[in-house]
Amino acid sequence: MLYIFDLGNVIVDIDFNRVLGVWSDLGRVPLATLQNHFTLGESFHRHERGEISDEDFAAQTCDELDLALSFEQFTAGWQAIFVGVRQDVLQIMKMLRDRGERVVILSNTNALHCSFWPALYPEVQSAADKLYLSQEMGMRKPEARIYQQVLYEEGFTAEQTIFFDDNLENIEGARALGIQSIHVTDASIIPAFFAEHR
């Protein structure tokens with residue numbers, strides 16, 4: 001079997017409010033104002049596909065939020081998103097690999113985050129056989145082609161695959177291709193699934 005795990009809020013807890021908190025402090029803009037105006041819009045999606053640079057993404061986001069931040073200040077906030085690793089999920093990934101299953105990570109991410117988290121959480125990379133990152137692939141979930149590319153490269157069919165993601169849109173995109181997909185709404189979902197499917 002092929003097991004595909006998302007990264008954020010599946011293996012590593014993330015929180016955009018931590019990002020906005022840092023930007024609020026550095027930019028001297030009320031947190032509530034940023035929370036009201038921050039959206040994961042087109043520039044965010046283009047950044048995740050690797051279509052725009054980190055600097056352009058920072059400039060566009062600061063412009064949208066009316067934030068006066070240097071690139072270094074923007075980056076300090078952007079990296080604050082990471083909360084911590086779900087150790088029980090890493091153990092499950094290790095268990096799957098120990099029994100000969102294929103385990104990969106498929107993440108909508110960006111170069112700025114990938115310059116940071118692998119050093120922060122080296123155990124995440126070592127828990128997977130391969131990382132598929134949106135900005136390197138030039139596509140992002142829930143686009144059908146990103147799932148199809150992973151299946152093609154891994155040599156598995158949709159029916160031989162199980163996918164875990166916290167975003168319902170991504171889950172629905174994978175299900176439309178016939179991939180068994182588990183919506184990870186909280187930290188209990190994955191351990192409960194494997195307790196049931198030993």
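Check which residues have an amide H placed less than 5 Å from Tyr132's amide H, if you skip close sequence neighbours.
Close amide H contacts, sequence-distant or interchain: Ile105, Leu106, Ser107.
Take every Cα-Cα pair in the chain and report what % of them are more than 22 Å apart.
50 percent
Which percent, nearest 5, of DSSP beta bridges in the range 1-108 are antiparallel?
40 percent
Separation between the Ser115 and Arg175 pseudo-spin-labels, each 7 Å from Cα along Cα→Cβ, expressed in nm?
3.8 nm
Order these peptides, 22-33, 154-165, 102-113, by their mean beta-carbon neighbour count within 10 angstrom, highest first.
102-113, 154-165, 22-33
Expressed as a whole number of Å, what is the distance separating the alpha-carbon centroids of the range 6-35 and the range 41-116?
12 Å
What residue among Phe44, Phe116, Phe82 shows peak mean-square fluctuation when the chain is described by a Gaussian network model with Cα springs under 10 Å?
Phe116
Regarding the range 14-79, what's the average projected area of the Cα-atom convex hull, expressed in nm²?
4.0 nm²
Among Val83, Ala59, Ala127, whose Cα sits farthest toward the positive end of the charge dipole of the range 21-140 (+1 at Cβ of Lys/Arg, -1 at Cβ of Asp/Glu, about the Cα centre)?
Ala127
Each reported figure results from applying straightforward, stated rules to the coordinates on display, with no laboratory input. Note that the structure is predicted; figures quoted are calculated from it, not measured. Backbone-built Cβ (ideal geometry, glycine too); neighbour counts: all protein chains shown.
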